[in-house]
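Everything below concerns the one structure shown next.
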Amino acid sequence: AAAAAAAAPDQGTDGAATSERVRVIASAPPTPRRARAKARPRRRSSTRRPARRRAQPQRAIAFGSLAIQSKSAAGTHLWANVLLDGKPVGRTPLTLERVRVGRHLVVVRRAGYTPARAWVWVRPGQRSRARLRLSAAGR
């Protein structure tokens, strides 16, 4: 019994020596890992991707209005075709209620007259005015 008591501290519950059990656990083969696919070398391109931007809150698009009139060189009111930023929008006298805020090119044209141009600033919630004079062609 004394021999068994002396042997007890060196043995575990399964009868194997404690030092052996640790050695067995430490020398266990590592678990197999999934084989990694070969990494493709990155190509350097001359164009870089733009950096991702954080989503910014949408700003409300502001609008203003624009009143356009045309007169002859003598000062009488004339109707004329109106172009706003190169697009036809109507005839004078004309009021456009929903024009984006910012700088716009207004052109008025009429047969027999030289086209008149003006840059106009439209401000949010305000009415801007463009008064253009048409001069007869050839004068």
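Key figures
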| quantity | calculated |
| --- | --- |
| Considering residues of the stretch 111-139 that are of a type in the set (S, T, N, Q) and more than 19 Å from Gly86 (Cα to Cα) only, the residue surrounded by the most Cβ atoms within 10 Å (Cβ to Cβ) | Ser135 |
| Top-ranked residue in the stretch 67-94 [being in contact (Cβ under 8 Å) with a residue 12 or more places away in the chain, surrounded by 14 or more Cβ atoms within 10 Å (Cβ to Cβ) and farther than 21 Å from Ala136 by Cα; ranked as nearest to the chain's Cα centre (by Cα)] | Leu84 |
| Criterion violated by Val108 - all others in (1) surrounded by 12 or more Cβ atoms within 10 Å (Cβ to Cβ); (2) under 19 Å from Gly64 (Cα atoms) satisfied | (2) |
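Laboratory data are not the source of any read-out in this text; all were calculated from the coordinates shown. Values in this document were obtained by computation on a predicted structure and should not be read as measured data. FYI the Cβ positions are ideal-geometry reconstructions off the backbone, even for glycines, and counts take in every protein chain you see.
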